[in-house]
Structure formats: structure tokens, C-alpha cells
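One structure is given here, and the rest of the page talks about it.
The values are calculated or read from the model by the stated rules, or taken from the named source; none is laboratory data. Just so you know, these numbers come straight off a predicted model, no measurement behind them. Using ideal geometry, Cβ is built from the backbone for each residue, glycine included, and neighbour counts are taken over all protein chains shown. When the accessible area is computed, the model is the full protein with side chains, heavy atoms only, and any ligands, DNA or RNA have been set aside. Shrake-Rupley method; radii C 1.70, N 1.55, O 1.52, S 1.80 Å.
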Amino acid sequence: MRTIDNQPEDIFLGGWNLALGAGLILAPWYFGFGSEGTAAWNAWITGATILALAALTLTRTREGEVYAIGAAGLWSCAAPWALGFQDAAAWAHVGLGVALLVSAGSWLWRLRDLPASQKSAQKSARQTAPPAARATPRVSEDRSACRPGTRTPSPRS
């Protein structure tokens, strides 16, 4: 699973997803569908899920979290038809869901195009290894331990 140590662009996307999650939570009051039980509860639950996932991605972005944000955006787009609500509730869900899908797509594009993040992860793993594990074995040039009459292989062979 790929991971990005976040750059400013990734932190922006995380903040953007936080704003979209908060927008979905506040949408029932702002658009006036707070009295519609199914639409309001769906907005609150989906928005809280997005907030939690976006908070996880603020320091380090993992591929699974991005897919989960995309799935929440897809659910937000499909919820008006799956749960049977319309008007302002449907527009709010679809609009914020499309924005989440675009955001998740941007992140997945960055994950795909950043092999440097994988290299930096491998590099940091090598740097944290103990020195004995990083050291390369060297051939000893000390021939004082050789007994007379025994052949020692040449170091160049």
C-alpha cells in the first residue's frame, strides 16, 4: 500500500476534505432539510466519516484512506436515489460528493506519480536500521593467521 509523507499540496487536500466533511454535516441546517430524517442523518454520518478520514490524512496519506474518502463521496452522490430524498438535500449530497470524488482522484493521481515517496520511505527505513545491518561485509587482508604451507585464495579471484 502506498503512502505519502505529506507535502503542502497534500495538506491542502486534507484541509479541503475537512471542509467538505464539515459542509456535509452543516448542510441540513444551511439548506433547510434538517427535518427530513433520512437525508439529515445520512449527511451527518457521511460528513463525520469524511472528517475522521480527512483528519487521518493530515500528517501522512495512505492509499486506503483515500479510497475510503472516494467511497464516501460516491455514496454521497448515490444516496439521494438509494435513500429516496430530493430537492435541496439531493443537490447538497451530489455536489459535495462530486467534490470529494475529485479530491480523492487528485490524491490517487499524486500517489501514482510519486515514486519518490516510496524511495524516501525505503531510504528512511535504511537509515533507521542499526549500523551492523547497514555495513557491507569486507574481506580481511590480515594474513598473519595463515599457517605455513596452506594456500589462501587471492583477493582478486
Counting only residues that are of a type in the set (Val, Ile, Thr) and at pLDDT below 80, the stretch 5-56 contains a total of 1
Among the residues that make up the stretch 39-61, is at least one of them part of a strand (DSSP E or B) and either among the small types (Gly, Ala, Ser) or under 14 Å from Leu108 (Cα atoms) (or both)? yes
Within the stretch 72-124, the residues that are of a type outside the set (Asp, Glu), part of a loop (DSSP other than H, G, I, E, B) and either surrounded by 13 or more Cβ atoms within 10 Å (Cβ to Cβ) or modelled with pLDDT of 90 or more (or both) are Phe85, Leu114
For the structure I just gave you, tell me whether Thr46 is within 30 Å of Asp113 (Cα to Cα) and either open to solvent by less than 30 Å² (accessible area, probe 1.4 Å) or touching a Phe, Trp or Tyr at 6+ places or on another chain (Cβ under 8 Å) (or both). yes
Would a scan of the stretch 58-69 turn up a residue that is within 16 Å of the chain's Cα centre (by Cα), farther than 22 Å from Arg112 by Cα and surrounded by fewer than 18 Cβ atoms within 10 Å (Cβ to Cβ)? no
Selection from the stretch 19-38 of residues outside any helix (DSSP H, G or I), surrounded by 15 or more Cβ atoms within 10 Å (Cβ to Cβ) and touching a residue at least 24 places away in the same chain (Cβ under 8 Å) yields Phe31, Phe33, Glu36
